[in-house]
Amino acid sequence: MPLWLFKREEEGKMIIERAMYAKRFSMIFDRQKCKGCTLCRDICPREAIELKPSPKKEGEKTRHHLVDVDQKKCDFCGMCEAICLFGAVTHMTNGEPVVAVVKAESFPTLTREIAVDMAKCEKDCTKCADACPIKIVAVDPKKPEVNIERDFCPTCTWCQVACPTNAIHVRKIFNGSIKINQESCPENCVECLDVCPLNALHLGEDGKVYADDAYCIYCGACVNVCPKPEALKVYRTSIYHTPVKSGAWNKALEKLTSTQGKEREFRAKILAKATEAVKNRTA
Amino acid sequence: MAEEKKVEIEKPRVGVFVCHCGLNIAGTVNVEEVTKYARSLPDVFCAMDNRYTCADPGQKEIKGKIKELNLNRVVVAACSPRMHEPTFRKCVSEAGMNPFLFEMANIREFCSWAHPHDKEAATEKAKEIIKMAVAKARLLRGLEKFEVPVTNKAMVIGGGVAGIHSALDLADMGFKVYLVERDESIGGHMAQLDKTFPTLDCSICIEGPKMVEVSRNPNIEIISFADVLSVEGYIGNFKVKIRKNPRYVIAENCTGCGECVNPCPIEYPNAWEMNLGTRKAISAPFAQAVPLIYTIDKNHCIECYKCVDAC
């Protein structure tokens, strides 16, 4: 008997569904929130996610890649939702939001450490909201009150830098580095600059693109569109997440960072365990 | 058998005997015409009709013709070989012929009984059947019978309700039985049904106890989740190659408690439930599965090892 699989585009959302007798699994990909980075594609255990170049019109800026999910392969495990920096993916079971892997503690959630000290806020200051490249910071300048949609925050630290009174503290989820080899860059190519969702790249005086490690979240959207693979490299070293013991996460971590990155986390885990054991013994 | 003629290198000399079978055949098929036609076929040295070829006079006639015309192939166009092939084989061997050089053309069950209302077409069909039998007879080679040792074990391929029952019957006769099943559990389609005709009994209530009986029977070895790759040999001496597919669970240690299922995050459509329900990446297809060993589907497993912790 064939499976009931549906796939449709609806108001800027891609919805795929697997309908069964008593259960209905669905996955909603928000096209507005998705920035065409490589994270979900890299870790998908079923290799169901594909990134396709968006159609380019003459005289327009290059747009980021578009996500496509193969509904026949998808198992609705929820790894893509757990890793998405921009909160673009939602999984539903019978209409209830459920992330299967997170519920089973097989996968961590990303830790977004965002602290706002509203006592330090000045009246009529909206600098953080103006600085936010994806407009998820809302400020009520009269109170003053700052509201950040934490679930969608990629922790680029633009607001932290823009704040005149150091009232905002943001810790990055991904650590790493971005390297642009300007000598390999093709003449007048600004593809990476066009797609960067967080304006972490800027144009130098010589017409070449330079990276700004301070704002980069190492999502890899720029790597997708770069015409020369040796010109632009993004390395991730560690990921800030809730504690987890799972082979699936180890595999995903190795794919996202490197074998060394995985080993570093293992060592940190062992160290934490040992410290705890010593503490328990001395207590 | 030693005095039987060596016929392999001889040119075939075929005798065709068409039986009336009372009116069973002659009532529909024009036997005279068929006999005449048979006479025209290549290598046919004699063709004749007879009221009852299987009766003594009929058999005597065959023997007589073999001696008289030195026939080395005999075709009898009569009933099904299930009926009288042994009779005629014995008859021709008594006349000194190798019994495997005898061929039977079935013009009763396949022709006269099947087409009682169309005599002309039935006659044509009878001609065709005899033509085929003569063609085959011309190519026949004499065979020798001898005894070979036999492996007193049986293999049943397919663990559906038919396979289960055959395995049980064979095991009760004292044979060692290997029951090979492609899926993780025996049971087949009957395990999927709700009720069975005509008593409307619950299907698994009938099959479940049989499945358990199979697993308990010391004479039966269930080889489940396995594929038959090749079957070689002949009756009594088969060599079968079977590939056991990996379950990623140590079968000897699995008690079937099901503790591993709950922590598993992955659900995929259950083919046993016709894709209407789900099963986890580590699971058994249904609760009454035999053998009750859980299986990890590597196509869906994300290798989080939560099941390992739970075991």
Any residue in the range A:223-234 that is free of Cβ contacts under 8 Å to residues at least 60 places away in the same chain, over 30 Å from residue A:103 (Cβ atoms), part of a strand (DSSP E or B) and in contact with a Cys (Cβ under 8 Å, 6 or more places away or on another chain)?
-> yes
Right, residue B:83: closer than 14 Å to residue B:19 by Cβ, modelled with pLDDT under 95 and not aromatic (Phe, Trp, Tyr) or not?
-> yes
Looking at this structure, is residue B:266 farther than 30 Å from residue B:217 by Cα, in contact with a strand residue (DSSP E or B) (Cβ under 8 Å, 6 or more places away or on another chain), buried (at least 22 other Cβ atoms within 10 Å of the Cβ) and within 11 Å of another protein chain (Cβ to nearest Cβ)?
-> yes
Restricting the range A:87-105 to residues that are part of a loop (DSSP other than H, G, I, E, B) and more than 17 Å from residue A:13 (Cβ to Cβ), the one farthest from the other protein chains (Cβ to nearest Cβ) turns out to be A:94
All but one of (1) under 30 Å from residue A:43 (Cβ atoms); (2) part of a loop (DSSP other than H, G, I, E, B); (3) not hydrophobic (A, V, I, L, M, F, W, C) hold for residue B:309, so report the exception by its number.
-> (2)
Per the filter on the range B:269-280, residues more than 8 Å from chain A (Cβ to nearest Cβ) and either assigned to a loop (DSSP other than H, G, I, E, B) or surrounded by 17 or more Cβ atoms within 10 Å (Cβ to Cβ) (or both) are B:270, B:272, B:279, B:280
Report whether or not residue B:184 is closer than 18 Å to residue B:157 by Cβ, among the acidic types (Asp, Glu), in the same structural domain as residue B:157 (by TED's automatic domain parsing) and assigned to a strand (DSSP E or B).
-> no
How many residues, within the range A:107-144, are crowded, with 20+ Cβ neighbours inside 10 Å and over 19 Å from the mean Cα position of the chain (by Cα)?
-> 4
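Does residue A:150 satisfy being at pLDDT below 90, of a type outside the set (Phe, Trp, Tyr) and under 16 Å from the mean Cα position of the chain (by Cα)? Don't jump to the end; show me each part of the working.
Working: at pLDDT below 90: yes; of a type outside the set (Phe, Trp, Tyr): yes; under 16 Å from the mean Cα position of the chain (by Cα): yes.
Here the answer is yes, as residue A:150 does meet what is asked.
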Checked the range B:209-249 for anything in contact (Cβ under 8 Å) with a residue 40 or more places away in the chain, of a type in the set (D, E, K, R) and over 30 Å from residue B:303 (Cβ atoms); matches are B:210, B:213, B:221
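Here's the yes/no breakdown for (1) within 14 Å of another protein chain (Cβ to nearest Cβ); (2) touching a helix residue (DSSP H, G or I) at 6+ places or on another chain (Cβ under 7 Å); (3) modelled with pLDDT under 90:
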residue: A:224; (1), (2), (3): no, no, yes
residue: A:241; (1), (2), (3): no, no, no
residue: A:247; (1), (2), (3): yes, no, no
residue: A:253; (1), (2), (3): yes, yes, no
residue: A:256; (1), (2), (3): no, yes, no
residue: A:267; (1), (2), (3): no, no, no
Of (1) basic (Lys, Arg); (2) surrounded by fewer than 18 Cβ atoms within 10 Å (Cβ to Cβ); (3) farther than 30 Å from residue B:310 by Cβ, residue A:103 satisfies all except one. Which?
-> (3)
Matching entry among A:144, A:108 (being within 14 Å of chain B (Cβ to nearest Cβ) and over 16 Å from residue A:34 (Cβ atoms)) = A:108
Scanning the range B:246-263 for residues that are more than 14 Å from every other protein chain (Cβ to nearest Cβ), within 21 Å of residue A:46 (Cα to Cα) and surrounded by 13 or more Cβ atoms within 10 Å (Cβ to Cβ) gives B:247
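So that you can scan it fast, the table gives a plain yes or no per residue for (1) under 12 Å from residue B:104 (Cα atoms); (2) in contact with a helix residue (DSSP H, G or I) (Cβ under 8 Å, 6 or more places away or on another chain):
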| position | (1), (2) |
| --- | --- |
| B:42 | no, yes |
| B:55 | no, no |
| B:59 | no, yes |
| B:62 | no, yes |
| B:65 | no, no |
| B:72 | no, yes |
| B:75 | yes, yes |
| B:78 | yes, yes |
Just a yes or no: is a residue in the range B:285-302 under 35 Å from the mean Cα position of the chain (by Cα), within 14 Å of chain A (Cβ to nearest Cβ), surrounded by fewer than 18 Cβ atoms within 10 Å (Cβ to Cβ) and not in a strand (DSSP E or B)?
-> yes
Sole exception among (1) within 14 Å of chain B (Cβ to nearest Cβ); (2) in a loop (DSSP other than H, G, I, E, B) for residue A:219, by number | (1)
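Just for the range A:8-38: of the residues that are within 14 Å of another protein chain (Cβ to nearest Cβ), of a type outside the set (Phe, Trp, Tyr) and over 18 Å from the mean Cα position of the chain (by Cα), which one is surrounded by the fewest Cβ atoms within 10 Å (Cβ to Cβ)?
Restricting attention to the range A:8-38, the residues satisfying the condition of being within 14 Å of another protein chain (Cβ to nearest Cβ) are A:17-27.
Subsequent filtering for residues that are of a type outside the set (Phe, Trp, Tyr) retains A:17-20, A:22-24, A:26-27.
Adding the requirement that they be over 18 Å from the mean Cα position of the chain (by Cα) leaves A:17-20, A:22-24, A:26.
On the way: A:17: 17, A:18: 23, A:19: 13, A:20: 17, A:22: 8, A:23: 15, A:24: 15, A:26: 17.
The extreme case among them is A:22.
Which one is surrounded by the most Cβ atoms within 10 Å (Cβ to Cβ) among residues in the range A:181-212 that are assigned to a loop (DSSP other than H, G, I, E, B) and among the small types (Gly, Ala, Ser)?
A:200
Listed here are the residues, each with its yes/no results for (1) outside any strand (DSSP E or B); (2) within 30 Å of residue A:190 (Cβ to Cβ).
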position	(1), (2)
A:6	no, no
A:36	yes, yes
A:40	yes, yes
A:51	no, yes
A:59	yes, yes
A:64	yes, yes
A:85	yes, yes
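The values are calculated or read from the model by the stated rules, or taken from the named source; none is laboratory data. Everything numeric in this text was worked out from a predicted model, so none of it was measured. Every residue, glycine among them, receives a Cβ derived from its backbone with ideal geometry; neighbour counts consider all protein chains shown.
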